[in-house]
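Working notes, beginning with the structure itself.
The values are calculated or read from the model by the stated rules, or taken from the named source; none is laboratory data. Predicted, not measured: the structure shown is a model, and the values here were computed from it. With ideal geometry, Cβ positions are generated from the backbone for all residues, glycine too; neighbour counts draw on all protein chains shown.
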Amino acid sequence: MSYTKNVVIRDLTIFGFEDNPIASLGKEIDTVMSIDYYECIFEPAFEFQILFQSAENALSSLKLRTTERVSLEIDHQTGPLKFDDLILTSFVQNESESTASSFVIRLQPASVIYNEQNKCTQPYNPTIKSSTHVENILRSNLKLSEDDYEIEQTANPDGFYGNRWKPFKAIYWLCRRAMSASMPEDGGGTDRVGFLFWRTKSKCKFKSIDTMISEGKSGSVFKYIQNDTISDNPNFDLYNPRDEYDQDVVRDLQSSRFGQNRGYVNLQTLAHMQPIPFTEEKAKQAHLGEDKLFRDFDINGKATTTTYSVINDFTMRKDGLVTSGEYEYHPERTVAQSKMRYESLLSKSLRITVPMNVELEAGDIISVDLIDSMKGTDEWRSGFYLIKDLRHTVHFRDNGVQCYTYLRLVRDTPGDDLEEYAEHHKEEIEAGDHHDPNALEIFCDLHPDEPECLVYDD
């Protein structure tokens with residue numbers, strides 16, 4: 001497989017401490033050999049790694065110390081990658097056989113520096129919504145402007161003492177306790193939990209998993225089709241699909257995906273959280289596929305783990321319970337629900353390679369059509385996926401430029417066709433047949449005239 005497209009580096013400039021340019025492409029930097037860009041929904045910052053070559057020893061001549069500002073602009077047919085305020089956070093020299101020196105520099109947003117320099121020290125008012133606390137931390141501690149972030153409003157207030165936490169840690173703490181204020185038409189409610197905090201090339205984002213899925217599926221979705229060769233229009237071909245892992249009920253039970261007991265101590269009583277039935281929470285969540293059918297092990301309603309913790313904000317609430325007209329918020333219950341939501345999102349992981357597309361971002365929803373060598377389209381594995389992480393990679397070769405985007409995709413439920421299968425076999429299911437249909441059963445239910453299905457037809 002070979003895929004080449006034109007990529008042009010418009011600007012690569014390193015600025016010194018007085019903000020004067022000390023190196024740029026075509027001068028101190030002779031050649032850029034490769035560029036890698038990475039972002040992930042579980043990472044608070046993106047990063048670049050750029051391999052460049054210089055005729056002289058850049059370490060000696062440029063006197064790099066890290067924290068230098070870097071501007072970078074890359075043109076590609078799918079759009080530009082343009083940054084004016086990247087920070088050089090590390091570099092390493094690579095030995096080569098020639099007299100030239102090659103270096104790898106690592107570039108990240110300034111927020112990673114501010115995160116190490118600033119601490120959350122003040123008390124955060126328990127009557128103020130979690131999303132407002134997140135915004136205040138982004139502005140005050142991480143020095144971001146309003147144009148630099150996108151925050152989903154939460155329904156619940158929450159409060160805590162800063163405890164000299166780093167800003168990223170404080171935001172992740174709020175993620176586990178946040179409830180979405182959105183009420184989309186797909187059945188979601190105000191107790192949607194499982195917030196994520198991450199940064200893409202465009203913005204910092206604080207969103208619930210359910211909102212990401214609901215907005216992604218209802219918006220404009222890129223559709224990629226598996227192809228082992230370069231087609232006439234390869235822009236939306238995908239290559240080398242590889243299942244990292246699929247449904248694993250033992251792993252899911254061990255990780256509390258279906259339910260857990262949550263106990264906590266508030267110095268007055270020992271309160272045991274009741275198991276949270278998975279089926280009740282599923283009805284209030286947005287999904288990328290359809291529900292998996294389980295055999296008769298009573299999986300949906302059983303808690304498989306028990307977690308105990310000490311409420312560290314009991315001095316800010318008398319009983320740890322917040323009631324406000326339309327909803328009741330219990331932080332420890334929300335933590336338990338959030339853990340289940342995080343685990344369910346990671347039920348299936350798929351790696352694919354596509355032609356470089358800089359419009360894609362971690363957290364986006366895409367649609368993929370995968371091929372089964374025996375049956376054509378693989379209905380079971382195809383469908384909507386969420387981009388967990390991505391890597392844009394550009395390699396400059398003598399014969400041209402090679403550029404790809406590597407995607408790691410996840411989704412919480414398999415099989416877009418289970419709902420239709422269940423409808424077709426409603427009588428059998430109601431009569432007690434709860435077996436988990438295999439891929440062939442589902443395929444033949446949808447395509448009964450196919451040869452592999454007719455072989456069983458008397």
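Below are the figures for this structure:
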read-out: Boolean, E73 is closer than 25 Å to V193 by Cβ, part of a strand (DSSP E or B) and touching a residue at least 40 places away in the same chain (Cβ under 8 Å); value: no
read-out: Within region 87-123, tally of residues that are crowded, with 19+ Cβ neighbours inside 10 Å, over 30 Å from P21 (Cβ atoms) and at pLDDT below 90; value: 0
read-out: Count of residues meeting criterion [charged (D, E, K, R) and either at pLDDT 90 or above or touching a helix residue (DSSP H, G or I) at 6+ places or on another chain (Cβ under 8 Å) (or both)] in region 1-48; value: 7
read-out: Of all residues making up region 2-25, the number that are assigned to a loop (DSSP other than H, G, I, E, B) and either more than 17 Å from V401 (Cβ to Cβ) or among the aromatic types (F, W, Y) (or both); value: 6
read-out: Region 44-83 - residue that is charged (D, E, K, R) and touching a Lys or Arg at 6+ places or on another chain (Cβ under 7 Å) and, of those, nearest to P355 (Cα to Cα); value: D75
